[in-house]
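Colleague: Please find one structure pasted underneath; my questions will follow.
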Amino acid sequence: MRSSVYIHIPFCKSICSYCDFCKIYYNQKYIDSYLKSLENEIKTFYQNDEIKTLYIGGGTPSSLNIEEVSKLLDITKMFNISKDLEFTIELNIEHITKELLELLYENGVNRLSIGVQTFNEKHLKILNRHHSKNEVIKKIEMAKKVGFNNINIDLIYAIPNQTKSELIEDLDDFLRLDITHISTYSLIIEPHTKLYIDKTDYIDETIDFEMYQLINETVTKKGYNYYEISNYSKPGYESKHNLVYWNNLEYYGFGMGASGYVDNVRYTNTTNINKYNSGQYRDEIEVIDNQTKIENELILGFRKIKGINKNNFFKKYNQSIYEINNINKLIEEGKLIDDGTNIYINSKYLYLSNEILINFMV
């Protein structure tokens, strides 16, 4: 059973300097055919599972105009929706209007994920983001008035030449917004992005680590639960959709460049708009054997602060987690903690979690 759906909308009005996701510039001539192809893909592959989480990401879904967003929302009505659905859509601040918010709210969207990244004007320019601090405050207040009480905002830190005092200012401003979820990301300079092409240097590793510690201390003191390496939520507002990924559960991925995991097959869709619009959806397909499934379980599960439940692992794979290579060694070294119920990464090593997770890659 799959209970989650991800839909990718690749269109953007502008391209962020750090983004390596599947995206293309907004061009109205592509939209109708893209939405028709998206609808056809869903008709072809969706197996009428009851859907408990639905996430529309990008790209920039909010780059679509009102009529196009309305068509997209109509397509989501094809799903067999649970009465407890968590329905998230990603928005850019500059696209938010009262009309858009009301349309989303009336069509069942109940969670917003808003790309703020920073309030600092200098850093906004580096990231090629196009909003102001006052605009963020105004638009988030507008969303709350429309009825949205579950709002995530993204924070990027370790931006070139960023200081800790500038990060503290961002954190103070973020926390004043009084939203329910904050996702934090240390800037990664990926190949083919503008930052990479411009030969942008990373910030010093020591400063990066100190910024990570600063974020964790500041946000948790304000009552947010640190529940995954990059995510904080107020109690009860953890992202149900993202927990599907971290719990290594199956899910549908629809749209150009989307990935999915269905019937023990992981797939990635084409990133070519012409191929996608002509119905050539799948680009990569991998059948997942049991060994790979366990490997993914560990790599994804240890991203959660509470880690992996030992009994659940045994029920799922009919073997003890202690039989996995390197588990006992990492517990003995103090890098993993065994509390009797769960095994999880020692908080001292979370910042270096990739060095621990590599132990489970074949």
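The values are calculated or read from the model by the stated rules, or taken from the named source; none is laboratory data. Every value quoted in this text rests on a predicted model; they were computed, and no experiment measured them. Heads up, the Cβs are rebuilt from the backbone with ideal geometry, glycines too, and the neighbour counts pull from every protein chain shown.
Colleague: Can you tell me how many residues within the stretch 64-78 are part of a helix (DSSP H, G or I) and either closer than 17 Å to residue 5 by Cα or not hydroxyl-bearing (Ser, Thr, Tyr) (or both)? It would help to see each step written out before you state the result.
Modeller: First, the residues of the stretch 64-78 that are part of a helix (DSSP H, G or I): 66-76.
From the residues that got through so far, the ones that are either closer than 17 Å to residue 5 by Cα or not hydroxyl-bearing (Ser, Thr, Tyr) (or both) too are 66-69, 71-76.
Total satisfying the criteria: 10.
Okay, residues lined up against (1) out of contact with any helix residue (DSSP H, G or I) (no Cβ under 8 Å at 6 or more places or on another chain); (2) within 18 Å of residue 117 (Cα to Cα):
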| site | (1), (2) |
| --- | --- |
| 165 | yes, yes |
| 168 | no, yes |
| 184 | no, yes |
| 190 | no, yes |
| 196 | yes, no |
| 199 | yes, no |
| 204 | yes, no |
| 211 | no, yes |
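Let's see how each residue does on (1) in contact with a strand residue (DSSP E or B) (Cβ under 9 Å, 6 or more places away or on another chain); (2) surrounded by fewer than 18 Cβ atoms within 10 Å (Cβ to Cβ):
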{"residue": "47", "(1), (2)": "yes, yes"}
{"residue": "53", "(1), (2)": "yes, no"}
{"residue": "76", "(1), (2)": "yes, no"}
{"residue": "83", "(1), (2)": "no, yes"}
{"residue": "103", "(1), (2)": "no, yes"}
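Colleague: Okay, next question. Being modelled with pLDDT under 95, assigned by TED's automatic domain parsing to the domain that holds residue 216, in contact with a helix residue (DSSP H, G or I) (Cβ under 9 Å, 6 or more places away or on another chain) and assigned to a strand (DSSP E or B) is the requirement here; does residue 156 meet it?
Modeller: Details: modelled with pLDDT under 95: yes; assigned by TED's automatic domain parsing to the domain that holds residue 216: yes; in contact with a helix residue (DSSP H, G or I) (Cβ under 9 Å, 6 or more places away or on another chain): yes; assigned to a strand (DSSP E or B): yes.
The answer is yes for residue 156.
Colleague: Could you say whether any residue in the stretch 164-177 is farther than 23 Å from residue 215 by Cβ and in a helix (DSSP H, G or I)? Step through it out loud before you land on a result.
Modeller: Taking the stretch 164-177 first, the residues farther than 23 Å from residue 215 by Cβ are none.
Checked against the condition, which is being farther than 23 Å from residue 215 by Cβ and in a helix (DSSP H, G or I), the stretch 164-177 yields no hits at all.
Colleague: Let me ask something else about it. Just to check your reading of the model, which residue among 269, 290 is among the polar types (S, T, N, Q), under 23 Å from residue 49 (Cβ atoms), within 22 Å of the chain's Cα centre (by Cα) and not assigned by TED's automatic domain parsing to the domain that holds residue 149? I'd like the intermediate steps shown before the answer.
Modeller: Details: 290 fails: within 22 Å of the chain's Cα centre (by Cα).
The conditions single out 269.
Colleague: Out of the residues in the stretch 184-197 that are farther than 15 Å from residue 123 by Cβ and touching a residue at least 60 places away in the same chain (Cβ under 8 Å), which is nearest to the chain's Cα centre (by Cα)? Write out each step before concluding.
Modeller: We begin by selecting, within the stretch 184-197, every residue farther than 15 Å from residue 123 by Cβ; these are 188, 190-193, 196-197.
If we keep only those that are touching a residue at least 60 places away in the same chain (Cβ under 8 Å) too, we end up with 188, 190-193.
Numbers: 188: 15, 190: 17, 191: 20, 192: 21, 193: 19 Å.
This residue is 188.
Colleague: Another question, then. Condition first: in contact with a helix residue (DSSP H, G or I) (Cβ under 8 Å, 6 or more places away or on another chain), within 25 Å of residue 81 (Cβ to Cβ) and surrounded by fewer than 19 Cβ atoms within 10 Å (Cβ to Cβ). Now tell me which residues in the stretch 109-150 satisfy that.
Modeller: Answer for the stretch 109-150, where residues must be in contact with a helix residue (DSSP H, G or I) (Cβ under 8 Å, 6 or more places away or on another chain), within 25 Å of residue 81 (Cβ to Cβ) and surrounded by fewer than 19 Cβ atoms within 10 Å (Cβ to Cβ): 146, 147.
Colleague: Hey, another quick one. So, in the stretch 50-63, how many residues would count as being assigned to a helix (DSSP H, G or I) and either out of contact with any Leu (no Cβ under 8 Å at 6 or more places or on another chain) or not polar (S, T, N, Q) (or both)?
Modeller: Adding up the residues that qualify gives 2.
Colleague: Consider residue 44 carefully, then state whether it is of a type outside the set (D, E, K, R), touching a residue at least 60 places away in the same chain (Cβ under 8 Å) and in contact with a Ser or Thr (Cβ under 6 Å, 6 or more places away or on another chain).
Modeller: Numbers: of a type outside the set (D, E, K, R): yes; touching a residue at least 60 places away in the same chain (Cβ under 8 Å): yes; in contact with a Ser or Thr (Cβ under 6 Å, 6 or more places away or on another chain): no.
No: the conditions fail for residue 44.
Colleague: Can you tell which of 254, 302 is touching a Leu at 6+ places or on another chain (Cβ under 9 Å), under 24 Å from residue 32 (Cβ atoms) and hydrophobic (A, V, I, L, M, F, W, C)?
Modeller: On the way: 302 fails: under 24 Å from residue 32 (Cβ atoms).
Testing whether each residue is touching a Leu at 6+ places or on another chain (Cβ under 9 Å), under 24 Å from residue 32 (Cβ atoms) and hydrophobic (A, V, I, L, M, F, W, C) leaves just 254.
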